[in-house]
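**Student:** Can you keep this structure in mind? I'll have questions shortly.
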Amino acid sequence: MAVLMNAKEISEELGISKTLAYDIMQKLNKELEAKGYFVIKGKVSRRYLSEQIYGMPKEK
């Protein structure tokens with residue numbers, strides 16, 4: 001399983017449109033950039049997406 005997800009994968013994972021998946025990906029990447037993380041346009045961290053969507057706890 002890849003560490004980063006694209007809009008198509010997010011769309012399939014969450015059962016949403018690709019347009020909404022792009023919006024979510026941009027929002028999450030802006031949050032990560034604001035925290036000082038390096039982001040890749042068109043991709044988002046699978047773990048960060050899970051934490052934000054499903055409320056999964058961060059690994060220690």
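**Student:** With each label point set 7 Å from Cα along the Cα-Cβ vector, what nm distance links Lys30 and Lys8?
**Tutor:** Each label point lies 7 Å from its Cα, and together they span 2.6 nm.
**Student:** Here's another thing I want to ask about it. Can you list the chymotrypsin sites (Phe, Trp or Tyr not before Pro) in the range 1-44 that are in a DSSP coil and have 13 or fewer other beta carbons within 10 angstrom?
**Tutor:** Tyr37, Phe38
**Student:** Skip the ligands, DNA and RNA, and give the accessible area per residue of the chain with a 1.4 Å probe, whole Å².
**Tutor:** Per-residue value: 77 Å².
**Student:** To continue, here is another question. Could you tally the net charge around Glu33, taking each other residue with its Cβ under 14 Å from the Cβ of Glu33, Lys/Arg +1 and Asp/Glu -1?
**Tutor:** The answer is +4.
**Student:** How high is the FRET efficiency from Gln52 to Met1, r the C-beta distance, R0 25 Å, rounded to 0.05?
**Tutor:** 0.90
**Student:** Could I ask something else about it? For the chain, what is the convex hull volume of its Cα atoms per residue in Å³?
**Tutor:** 86 Å³
The values are calculated or read from the model by the stated rules, or taken from the named source; none is laboratory data. Please read all numbers here as calculations on a predicted model, not as lab measurements. Glycine gets a Cβ as well: all are built from the backbone with ideal geometry, and neighbour counts include every protein chain shown. Note: areas computed on protein heavy atoms with side chains; ligands, DNA, RNA excluded. Shrake-Rupley method; radii C 1.70, N 1.55, O 1.52, S 1.80 Å.
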